Each structure stands twice: as structure tokens, then as C-alpha cells.
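Step one of this worksheet: look at the structure below.
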Ligand SMILES: [Zn+2]
């Protein structure tokens, strides 16, 4: 990551906006690209190594309204704290402190309860969400991988910035723990996508057929899941 030298953008956007644009020089990108980075309240501009300063400034000038609009409409941040309302499997839940109990964090209906005798509430809530995400995704991937005749699949939970899941060449799957905040059909969609990569390390028609096959028992419409992620996915980074 390279922070944008304000000199490049100073004449196009105000200094307050310029400092919210991070320029990432990429050896792989072919064209200039913008994306919102909700975790950092900023916009990332992906710049191919060959792109000139002039190309960058005219690209930013052309997209100025889009940049301003995205920065102004970032949803409010919701830290994990007492009384905060956060989504869990797509439904709003309130975080509440309960009298001391054996468990640190547990769920009662639409309440995420945290025992009163623990400090660092935010860490405990985040760890609990990661555990819940791991439980559900492990079970799903297990069910799906069995279809392909695979045995136990190791999964890792991460806080990824640019994708929801990944699959290494040696068949290890990683997922964003934030998927537990999204409705279950979204989590199923991402689980099927990565599991299908165990068979096909690409996005070929054969991969897509495998993914659809995996999704069939769950009645998940992949188009709706993709739409959900593109519309609301960024918002999941505002929690915690
Ligand atoms: Zn993929």
C-alpha cells in the first residue's frame, strides 16, 4: 500500500478527500480501478505500474462525484459494545451484559449475551462470532466436500479485505468470519464457491456447474447472493 502523494490529487479533490484516497500500485492490474475500503474509511485506487500521474489525476477527476458519494454514504461504524445492534445471520441482535456465567458469550433469541465478569467485551464478541462462523462454515463445507468424495477439509477463518473466501492449490480453504453477519444464503454461496475450487482451480464453466450442483440442496440463487454481497458486503466491515 502506498499513500497517495497529495501533490497528485491536490488540484482535483480537497486535501480532506485526497488523504482518504490510497493509491495501490499493482503489477497485475491493467487499468485504473476504484474500490471502497470500508474498514479504513477510504477509497483505494488501484494503479497499474505503467499508469502516468496524468492518467491518475484525470481518472480521479472523472470519478470525483462517485468518490464523494461513496465516502459520504459509508454506513456508521458499530463497535462491539453494550447496547450495540449488530447483524447475526442477517438478523439484528443486541449486545447485552448478563450476570456472571460459565460461558463468556452466548446467544438468547435476538440477544448476544456477554458475561459481566469479563473485560475486553469487543474481543470476546469477535472471538465468539469467529467460532460461530467456523462452526457453520465447517459443517457446510464438510457436507459439500463429501459430494466430491473429499475427506476432512481444513478451514481457516480470517478477516480478509478484498474477498470472502479463498482456496489454495493444496486445498486449504479460508473464509472471512464476517460472513456470519450476513444472511445464511450468502454464507452458503461463498462456501459452495470455495468448495467448488477444490475440484476446479479456475472459474471455468465446469467450475460454475460444480458450484450450482453444490448449491442445489440449499435452494440458494447464486445471482441473488452475489447481488447481496455487492450491495451490502462492504457494510459488514463497519462492525467491530
Ligand atoms: Zn473463485
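The values are calculated or read from the model by the stated rules, or taken from the named source; none is laboratory data. Since the structure is predicted, the reported quantities are computational estimates derived from the model, not experimental observations. Please note: Cβ atoms are built from the backbone with ideal geometry, for glycine as well, and neighbour counts cover all protein chains shown.
Points worth noting:
- Of the residues in the range 149-168, not one is part of a helix (DSSP H, G or I) and within 16 Å of the ligand (Cβ to nearest atom).
- Residue list for the range 177-213, filter: assigned to a helix (DSSP H, G or I) and in contact with a strand residue (DSSP E or B) (Cβ under 6 Å, 6 or more places away or on another chain): 177, 181, 190, 194
- Candidates 181, 187, filtered to the one that is closer than 16 Å to residue 229 by Cα, within 21 Å of the chain's Cα centre (by Cα) and away from the ligand (no atom under 16 Å from the Cβ): 181
- Consider the range 212-233 and keep the residues that are more than 15 Å from residue 144 (Cβ to Cβ) and surrounded by 11 or more Cβ atoms within 10 Å (Cβ to Cβ). The one that is nearest to the chain's Cα centre (by Cα) is 233.
- Residue within the range 1-12 that is within 22 Å of the chain's Cα centre (by Cα) and either part of a helix (DSSP H, G or I) or at pLDDT 90 or above (or both) present: no
- Residues located in the range 38-75, provided they are closer than 30 Å to residue 134 by Cα and out of contact with any helix residue (DSSP H, G or I) (no Cβ under 7 Å at 6 or more places or on another chain): 40, 41, 42, 44
- Within the range 191-206, the set of residues being within 10 Å of the ligand (Cβ to nearest atom) and either buried (at least 21 other Cβ atoms within 10 Å of the Cβ) or under 14 Å from residue 148 (Cα atoms) (or both) comprises 193, 194, 196, 197, 200.
- Qualifying residue in the range 15-34 (condition: part of a helix (DSSP H, G or I), within 29 Å of residue 187 (Cα to Cα) and at pLDDT below 90): no
- Looking across 135, 130, 158, one residue alone is out of contact with any strand residue (DSSP E or B) (no Cβ under 9 Å at 6 or more places or on another chain), outside the structural domain of residue 40 (by TED's automatic domain parsing) and under 28 Å from residue 230 (Cβ atoms). It is 135.
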